[in-house]
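Input: a single structure, listed below in structure tokens.
The values are calculated or read from the model by the stated rules, or taken from the named source; none is laboratory data. Here the structure is a predicted model, which means the values were calculated and not measured. Here the Cβ positions follow ideal geometry from the backbone for every residue, glycine too, while neighbour counts run over all protein chains shown. Calculation scope for accessible area: heavy atoms of the full protein, side chains included, ligands and nucleic acids excluded. Shrake-Rupley method; radii C 1.70, N 1.55, O 1.52, S 1.80 Å.
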Amino acid sequence: MKVVYLRDVLPQAEQAQYVQHILTEHPGKILEKVIFDVSEEFVDIHYTFCRQRNLSKMGGCCIGEPSSWNSAKRAEHRDTLPNSVDV
């Protein structure tokens, strides 16, 4: 997680409380960046989460996100039958 301070710096304990509050408000998310805009009496917080990527495998190889593929590879992926997994 990247932490950016604007204007002034917060104590480590106060920063940890703000981050913990964000994570309890958004369970299951992973913080990518937190920006603390610290003025004399106020702290303005902006944050972004890591984007969930939809990775796929074809032929036993991880080939990345379908949005970055050409039309032929997307058609091949669409026509592929997934293996069933028994748990």
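The 3J(HN,Hα) values that the Karplus relation (6.51, -1.76, 1.60; θ = phi - 60°) gives for the stretch 67-76 are, in residue order, 5, 8, 8, 7, 5, 5, 5, 5, 5, 4 Hz. Gly and Pro appear as x. Ranked from largest to smallest solvent-accessible area, with a 1.4 Å probe on the protein heavy atoms, Val43, Val19 come out as Val43, Val19.
Please give the residues of the stretch 17-50, grouped as numeric ranges, whose backbone N is less than 13 Å from a label point set 7 Å along the Cα-to-Cβ vector of Val4. Of the residues in the stretch 17-50, 32-38, 45-49 have backbone N under 13 Å from the label point off Val4.
Here's how it looks for Gly64: its modeled amide H is under 5 Å from those of Ser56, which are all 5 or more places away or on a different chain.
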